[in-house]
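All remarks here apply to the structure that follows.
The values are calculated or read from the model by the stated rules, or taken from the named source; none is laboratory data. Bear in mind that the values here come from a model prediction, so they are computed numbers and not experimental data. Ideal geometry is used to build each Cβ from the backbone, glycine not excepted, and the neighbour counts take in all protein chains shown. Heads up: the accessible areas ignore ligands, DNA and RNA and are worked out on the full protein's heavy atoms, side chains in. Shrake-Rupley method; radii C 1.70, N 1.55, O 1.52, S 1.80 Å.
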Amino acid sequence: DAEEYQPPIWKSYLYQLQQEAPRPKRIICPREVENRPKYYGREFHGIISREQADEILAGVEGAYILRESQRQPGCYTLALRFGNQTLNYRLFYDGKHFVGEKRFESIHDLVTDGLITLYIETKASEYISKMTTNPIYEHIGYATLLREKVSRRLCRTKNESRKASVTSEENTPVEKITSLVRRAALTQNDNHFNYEKAHNFKVHTFRGPHWCEYCANFMWGLIAQGVRCSDCGLNVHKQCSKYVPNDCQPDLKRIKRVYCCDLTTLVKAHNTQRPMVVDSCIREIEARGLKSEGLYRVSGFTEHIEDVKMAFDRDGDKADISASIYPDINIIAGALKLYFRDLPIPVITYDTYSKFIEAAKISNPDERLEAIHEVLMLLPAAHYETLRYLMIHLKKVTLHEKENFMNAENLGIVFGPTLMRPPEDSTLATLNDMRYQKLIVQILIENEDVLF
């Protein structure tokens, strides 16, 4: 259980080095400098040479001045004393000061961060290069282990009730082409909805001392010391992020909305097999709308569809989309289509788009079906499951074609551009591919029992 989890002992060596790093010492120019940029202070010494800067800074570790380049007037240089030598860096300003990727509010902060980095990299370069070779992440389990255990404990009852329905749904015989291996892998997983997901790392500034949750070493510097996963909150060094497995466990507190959220992120955050929007809308449509004329082709009122979107964003799976609130089933159908259109990565992903289009161009029906099946296996598990569930539903829609006038071809026209978009935002590519998009969805509907 989570209570048994023992946090690792953080490695303090780099923290101690940061404490030992030289402190910045601003050397003020004794005279008033004409044409001093308004964003520099008295540390600006005007147009002076490297040799003059070296004389001014000599013997004072951590001392710094700013100067204008003799060779390139209008260009500015930070001259910094470190390791008994004067280092010169081209200095830039765009509202903040920078010499590299990091941007600082003040020159003092820039120099402080630079001295820390220089000192640590000088004293511990070999240590840093080996930092990722024996990570606590793999041997002790870090915080993901804790989060998974807590998640399993809290969701155990819910999972077991879901597993019963999922197993009965997935045990139907499948002929010709099967995906039993994928299904078996999902069934054997003790956390049934534990789809693989990469972390969504973004550069982050940590307030106060922070340690990397991958290697257990201190994250040094004043700002942008590391990266944080915006979905689960994992904090690691930028270099360590390359080694972190695709095991992100999104935290609901960090997922602010349902629409426009990455599909895998959403299902993992809610611990569901598919996005709850898909389940809720399809359940409602199958309960009262399968015979509705022009289902998915006839549009509902845009403002009402936006209301449904806001309800899901606000209330999640508790959103009320019943007939008493939205009597027009086209509103629910429109909300479902909008969810798919708003996905940052379409259900049929950008990575697989061209492969699906190429498969659709195969003239031999059997070979085409085989090629489509092979590409389906490349979809991320959550995308595959969502597409599978949607195709089962759309097949049911076609069974009521006499009443709703929606066959597989008509549904392909509607859902082709909704489920798949070309990676490059090109109108010409979209127009050229439209008939293949339609054909792919049509084939998926007509052969859902074989392909999935």
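Numbers for the structure displayed
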{"item": "Under 13 Å, Cβ to Cβ, from Arg36 - net charge with Lys/Arg +1 and Asp/Glu -1", "result": "0"}
{"item": "Sites Lys11 and Val203, calculated FRET efficiency, Cβ-Cβ separation with R0 25 Å, nearest 0.05", "result": "0.65"}
{"item": "Degrees separating the helix 381-398 axis from the principal Cα axis of the chain, which is the longest one", "result": "30"}
{"item": "The chain pair-distance distribution - Cα-Cα, 20 Å bins, rounded %", "result": "20, 39, 27, 13, 1"}
{"item": "Around Ile223: net Lys/Arg minus Asp/Glu count, Cβ-Cβ under 12 Å", "result": "0"}
{"item": "Local electrostatic count at Leu110 - Lys and Arg +1, Asp and Glu -1, tallied over other residues with Cβ under 11 Å", "result": "0"}
{"item": "In nm, spacing of pseudo-spin labels at Glu293 and Glu409 (7 Å Cα→C-beta vector)", "result": "2.1"}
{"item": "Nearest-10 value in Å² for the accessible area of Arg23, using the 1.4 Å probe", "result": "130"}
{"item": "Top positive-direction residue, dipole computed over the chain with Cβ charges, set Gln225, Tyr89, Pro22", "result": "Pro22"}
{"item": "Heavy-atom accessible area order for Leu376, Leu428, largest first, 1.4 Å probe", "result": "Leu428, Leu376"}
{"item": "Folded to 0 to 90 degrees: helix 302-315 orientation relative to the chain principal axis, Cα", "result": "70"}
{"item": "Leading residue at positive end of dipole, the chain (Cβ point charges), from Phe405, Ile332, Tyr350", "result": "Tyr350"}
{"item": "Added length on full extension, which subtracts the Cα-Cα distance from 0.36 nm per residue, Glu374 to Arg71", "result": "102.9 nm"}
{"item": "Exceeding the 23 Å Cα-Cα cut-off - candidates Lys123/Lys202; Lys102/Lys242; Lys291/Lys337; Lys361/Lys402; Lys355/Lys402; Lys337/Lys438", "result": "Lys123/Lys202; Lys361/Lys402; Lys355/Lys402"}
{"item": "About the Cα centre, charge dipole magnitude for the chain (Lys/Arg +1, Asp/Glu -1 at Cβ), debye", "result": "1100"}
{"item": "Carbon + sulfur, % of accessible area of the chain - ligands and nucleic acids excluded, 1.4 Å", "result": "50"}
{"item": "Net length gained if the chain between Phe92 and Asp342 were fully extended (0.36 nm per residue, minus Cα distance)", "result": "86.1 nm"}
{"item": "Net lengthening on full extension, Asp54/Lys355 (0.36 nm per residue, minus Cα-Cα)", "result": "102.3 nm"}
{"item": "The chain - accessible surface per residue (Å², probe 1.4 Å)", "result": "50"}
{"item": "Contact order relative to length of the chain, as percent, for alpha carbon pairs under 8 angstrom and 6 or more apart", "result": "12"}
{"item": "Segment 1-130 - Rg and Dmax from Cα coordinates, angstrom", "result": "18.3, 68"}
